[in-house]
Amino acid sequence: MVQLVGSLRKELADSVSSCRVLVVGAGGIGCELLKNLVLTGFKNIEVIDLDTIDVSNLNRQFLFQKKHVGKSKSQVAKESVLQFCPSANITAYHDSIMNPDYNVEFFRQFVLVMNALDNRAARNHVNRMCLAADIPLIESGTAGYLGQVTVIKKGQTECYECQPKPTQKTFPGCTIRNTPSEPIHCIVWAKYLFNQLFGEEDADQEVSPDTADPEARWDSAEAAAKASASEQDGDIKRVSTKEWARSTGYDPVKLFNKLFKDDIRYLLTMDKLWKKRKAPLPLDWEELLKQVNPSEAVNLSGLKDQQVLGVHGYAQMFSNSVETLRADLQQKGDGAELVWDKDDPPAMDFVTAAANLRMHVFSMNMKSRFDVKSMAGNIIPAIATTNAIIAGLIVLEGLKILSGEMDKCRTIFLNKQPNPRKKLLVPCALDPPNSSCYVCASRPEVTVRLNVHKTMVQTLQDKILKERFGMVAPDVQIEDGKGTILISSEEGETEANNKKFLSDFGIRNGSRLQSDDFLQDYTLQVNILHSEELEKDVEFEVVGEVPEKGPAPAAPAAEDGKSIANGNKDSAQPSTSSKAPVEEDDDILILDSDEEPSSSSAMDTSTEGTSSQKRKLADAETGESGETSAKRKRLDQPPANKQDDDDDDIIALD
């Protein structure tokens, strides 16, 4: 007779109580997961999270209360769990998992690692550390009503990076600065403006008119002569935006007139931009105060955040937020910088006001603070129930691993609606490793196309190795027979190389670089393919990457149309199976079968859809949400004409 301890076999219960588990992330999924783990019988748990508790977390992260706002998530989560399970041995770290202290030896202490993360960089890093330590990783994510759990095991399954994931959606600089045509363009501009005025300046986030706009093809000297900028304070000066703002004492009126009158008048001198577009209409602070009825509003019904104010209302919001942010900056002292946070009211007010004023200037319908926050924060509202379901599935997959039943582990997708088989949870067999993966292959190797005469060592380090290939502290050696060190992770050792071009070190077409990240125990061979024919503003290309353009997305359901991106704190991003055209940052696969072929078979996309769908929701940090139709073969697949798209139902895991 099988001996039970609670609902578990005694052998499994013993494994559960004795094994050490690492939980990475103590947010929406992490809180539910910690609660589930201790109630299942796990006793030795370590949890790490760099974040602190914000009031916006309290509606779904139930281990936290109002009195905890501002405190460490991991520490408070530990204390809350110990209140209902005092026998648990929990260690909390208020730190980043990417800190070098958490090296391969640290990961080898654990029997299981469970991710409850909200960003791709950390996911990539934990994936590599678990591969290096040969520890099973359970990856997870949620986005609104959608969720996913998968298991990653070295040599047996795809790793998190086996399938390419697209970069965050971006917009051309000239569109943001000169010719915005959608609200998101104005919102991105407003976020850039916040950094230019109060935060860390970035040359790639310039907000002033772009005189190099290729579409304009104008004579800048002639246009400057034609520009009728104000003779008063706020007149256009081609200096740093922050430098100019400081010189005015961050005067809200002067800032307003520069941004919404003088800069717009300057744009109007670029005649060719407006031949086929509606020209923008400059705003003047004094004229606005004279003309506008302060009681004006487009929609004042509903909650305050969902109200759409009039131009006068947003002008006042702009002025008030600038004064508040100026005070915050002064309080921090000379040289201080502010960091934009969607949950910081003055920062959110500033972006809401600036974006809406620009929308008005360019004849767009203005948006509520709620809508702007959703787009600016790249968020889909987090759903507590989704987090709870996914956290439960993580524990179930963990129990399979501890039982020695790795072959029974599955990738499980949580759908928004039941499918024709009345299933909400759809399991998929795990895919084997991708032999060409640049992370888990036996000899990881990539080919990068770039111009060796224009690419600096700094770009290779920051944008290619760190940003694109997820390394933390790369060391790069040129395979030139001499072992020339191009980049060293030791501070200051190769700093003099940063501003030099790759060609200065004899790197040319066909050169090979060996890049090592000793923290991740990871080596990547980089083959250089020299090209002088890259598209404009493209610094490099990874040869063989899946194009980011797929079939035209299917028309989204009405309720989905409100979503702009998937960058919320519990963002779903765990899919390792993305052989379909990649449209957005992160993958959530929606399948309509309860059969279990490999998840790769679910990737064969079709532009004709039956009831199955594949949803791709952006991360980032980033872009817009979309979905493409996908077909998945089933052993008993009924004829397509007998399926109804409206029937997409679903309910249980077998």
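The values are calculated or read from the model by the stated rules, or taken from the named source; none is laboratory data. This is a predicted model, so every value here is computed, not measured. Every residue, glycine as well, gets a Cβ built from its backbone with ideal geometry; the counts of neighbours run over all protein chains shown. With ligands, DNA and RNA removed, areas are computed over all heavy atoms of the protein, side chains included. Shrake-Rupley method; radii C 1.70, N 1.55, O 1.52, S 1.80 Å.
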**OP:** Determine whether Asp343 is under 23 Å from the mean Cα position of the chain (by Cα) and more than 20 Å from Gln196 (Cβ to Cβ).
**Re:** yes
Original post:
How many residues are under 26 Å from Asn59 (Cα atoms), open to solvent by less than 10 Å² (accessible area, probe 1.4 Å) and not aliphatic (A, V, I, L, M) if we restrict to segment 105-143?
Top reply: 6
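Would you please name the residue that is nearest to Ala382 (Cα to Cα), looking only at residues in segment 39-60 that are part of a strand (DSSP E or B) and of a type outside the set (A, V, I, L, M)? Even if it seems obvious, please write down each step before you answer.
Going residue by residue through segment 39-60, those that are part of a strand (DSSP E or B) are 44-48, 52.
From the residues that got through so far, the ones that are of a type outside the set (A, V, I, L, M) too are 44, 46, 52.
Values: Asn44: 29, Glu46: 25, Thr52: 17 Å.
Among those residues, the one meeting the criterion is Thr52.
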Subject >> Odd one out for Ser442, checked against (1) modelled with pLDDT under 90; (2) over 25 Å from Val126 (Cα atoms); (3) not charged (D, E, K, R) >> reply: (2)
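For Phe42, state whether it is open to solvent by less than 50 Å² (accessible area, probe 1.4 Å) and under 18 Å from Asp118 (Cβ atoms).
For Phe42, the condition - open to solvent by less than 50 Å² (accessible area, probe 1.4 Å) and under 18 Å from Asp118 (Cβ atoms) - is not met.
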Original post:
Taking segment 2-18, which residues are touching a strand residue (DSSP E or B) at 6+ places or on another chain (Cβ under 7 Å) and either within 30 Å of Ser72 (Cβ to Cβ) or among the hydroxyl-bearing types (Ser, Thr, Tyr) (or both)?
Top reply: Val16
Original post:
Is it true that some residue in segment 18-38 is touching a residue at least 24 places away in the same chain (Cβ under 8 Å), assigned to a loop (DSSP other than H, G, I, E, B) and either basic (Lys, Arg) or touching a helix residue (DSSP H, G or I) at 6+ places or on another chain (Cβ under 6 Å) (or both)?
Top reply: yes
Original post:
Mind checking whether some residue in segment 440-450 is open to solvent by 40 Å² or more (accessible area, probe 1.4 Å), of a type in the set (Asp, Glu) and closer than 25 Å to Leu131 by Cα?
Top reply: yes
Original post:
Can you find even one residue in segment 265-273 that is modelled with pLDDT of 90 or more, within 20 Å of Leu289 (Cα to Cα) and surrounded by 13 or more Cβ atoms within 10 Å (Cβ to Cβ)?
Top reply: yes
Original post:
What is the residue count in segment 281-319 for residues that are assigned to a loop (DSSP other than H, G, I, E, B), at pLDDT 90 or above and either among the aromatic types (Phe, Trp, Tyr) or open to solvent by 50 Å² or more (accessible area, probe 1.4 Å) (or both)?
Top reply: 2
Original post:
Quick one: how many residues across segment 250-280 are part of a loop (DSSP other than H, G, I, E, B), under 34 Å from the mean Cα position of the chain (by Cα) and not charged (D, E, K, R)?
Top reply: 3
**OP:** Name the helices (runs of 4 or more DSSP H) wholly inside segment 149-231 in which the number of residues that are modelled with pLDDT of 90 or more and crowded, with 16+ Cβ neighbours inside 10 Å is 3 or more.
**Re:** 183-198
**OP:** Pairs only if they're at least six apart or on different chains, beta carbon under 8 angstrom, first in segment 485-502 and of a type in the set (Asp, Glu), second open to solvent by 30 Å² or more (accessible area, probe 1.4 Å) and modelled with pLDDT under 95; list them, first residue then second.
**Re:** Glu493/Ile485
Original post:
Quick one: is Val395 touching a residue at least 24 places away in the same chain (Cβ under 8 Å), buried (at least 19 other Cβ atoms within 10 Å of the Cβ) and farther than 30 Å from Ile184 by Cα?
Top reply: yes
Original post:
Is it fair to say Val76 is part of a helix (DSSP H, G or I), more than 22 Å from Val472 (Cα to Cα) and open to solvent by less than 10 Å² (accessible area, probe 1.4 Å)?
Top reply: yes
**OP:** Could you figure out which of (1) in contact (Cβ under 8 Å) with a residue 24 or more places away in the chain; (2) outside any strand (DSSP E or B) isn't true of Val426?
**Re:** (2)
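Being within 20 Å of Met348 (Cβ to Cβ) and either touching a Ser or Thr at 6+ places or on another chain (Cβ under 7 Å) or touching a residue at least 24 places away in the same chain (Cβ under 8 Å) (or both) is the filter here, so list the residues in segment 39-60 that pass it.
The answer is Asp51, Thr52, Asp54, Val55, Ser56, Asn57, Asn59, Arg60.
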**OP:** Could you please give the count of residues in segment 400-412 that are over 30 Å from the mean Cα position of the chain (by Cα) and in a helix (DSSP H, G or I)?
**Re:** 5
